[in-house]
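Reading through the structure tokens given below for one structure.
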Amino acid sequence: MHKTVKYLATLAGILATMTIAVNTNQTKASASSYQIIKTKYYSHAPKFHAKNKTQNAYLWNKTHTKKLHNIKNYPNSIWTLTKSEIVRHNGKDAVYYYVTAASPNKRYHTPVNGRIWRGYLTKGYNQNYAVWNNLFVIPGNHDFVSDTDYANYIQKSPSQALTRKVLAMFPNSKVSIDLSENLVDSKYYSNAFTDTILLPSVNTYFDPTKYTNLSTNQRAAAIEQALNDAGYTQAKRDAMSNYKIGIYYCTRLVDVDEVEFGLQLAIPAN
């Protein structure tokens, strides 16, 4: 009887060891079956949002063995791209993005990041602009993917009240995201426009670090007066339908080097 018990105990130990070994090998095989073939880094951190906010789409760990987050649970987030990876699995290649979430209230207590198949994301800011304030215009990034997208942000974001008032002063001129990026950094799209009008006496009132005692309405009134003083009366502004407007404003100083706030007008070159 004692020999039988001892034998069974020994057999159970062997089986347990074999099970652990098999599970370990399966985990290693699973991890090694996803191979990173190529990595590309992005210094300007392009922005993305979920292609389908109601679809399950997961962020994975580096070895693709653990689901970290479901982006369906972060419907208002903007996903910032740090690097992309070509990953090979079962002989097939796919592109994965390493992304980090930004939330409308600025940050999560614990960083939400990981690797996700790029097909679950689409380029540009999260377009629920009613909950977002002071988004960056970063030249060359195209985080606002079109003129319509940028105009939509201006119309909906609480931070853009002044911008809306200024655009109303140019009722027949349309917003251009390219011209807005050129305003922030003049080396971008410099050949896309002609007859550029840039008025420092106007743009000083867009600077959030200046005239901090002025309300939004008072800033708008000061901008309108500066336009009139520069010869751009309402009648002249009404006649500028062939001009596009580049404009950028934030209610607080943004953490971007050498950013320019204000507006400029120009005629498209083509």
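The values are calculated or read from the model by the stated rules, or taken from the named source; none is laboratory data. Predicted model, so just to flag it, every value in this text is computed and none were measured. Cβ coordinates were reconstructed from backbone atoms using ideal geometry, including for glycine residues, and neighbour counts include every protein chain displayed.
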**Asked** Is it true that some residue in segment 222-241 is within 32 Å of the chain's Cα centre (by Cα), more than 22 Å from VAL137 (Cα to Cα) and surrounded by fewer than 13 Cβ atoms within 10 Å (Cβ to Cβ)?
**Response** yes
**Message:** Here is a check on your reading of the model: is ALA94 in a strand (DSSP E or B), within 14 Å of the chain's Cα centre (by Cα) and among the small types (Gly, Ala, Ser)?
**Reply:** no
**Item:** Scope segment 167-208; condition closer than 19 Å to ILE154 by Cβ and of a type in the set (A, V, I, L, M, F, W, C); matching residues
**Value:** LEU167, ALA168, MET169, PHE170, VAL175, ILE177, LEU179, LEU183, VAL184, VAL202, PHE206
**Item:** Residue count for segment 37-80, restricted to those that are surrounded by 13 or more Cβ atoms within 10 Å (Cβ to Cβ) and assigned to a strand (DSSP E or B)
**Value:** 12
**Complete:** Scanning segment 101-122 for residues that are in contact with a Ser or Thr (Cβ under 8 Å, 6 or more places away or on another chain) and part of a loop (DSSP other than H, G, I, E, B), the one modelled with the lowest pLDDT turns out to be PRO111
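Listed here are the residues, each with its yes/no results for (1) touching a helix residue (DSSP H, G or I) at 6+ places or on another chain (Cβ under 9 Å); (2) free of Cβ contacts under 8 Å to residues at least 40 places away in the same chain; (3) over 24 Å from SER186 (Cβ atoms).
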residue: THR209; (1), (2), (3): no, no, no
residue: THR216; (1), (2), (3): yes, no, yes
residue: ALA222; (1), (2), (3): yes, yes, yes
residue: THR233; (1), (2), (3): yes, yes, yes
**Prompt:** Are any of the residues in segment 221-228 part of a helix (DSSP H, G or I), assigned by TED's automatic domain parsing to the domain that holds VAL137, polar (S, T, N, Q) and over 29 Å from ILE78 (Cα atoms)?
**Reply:** yes
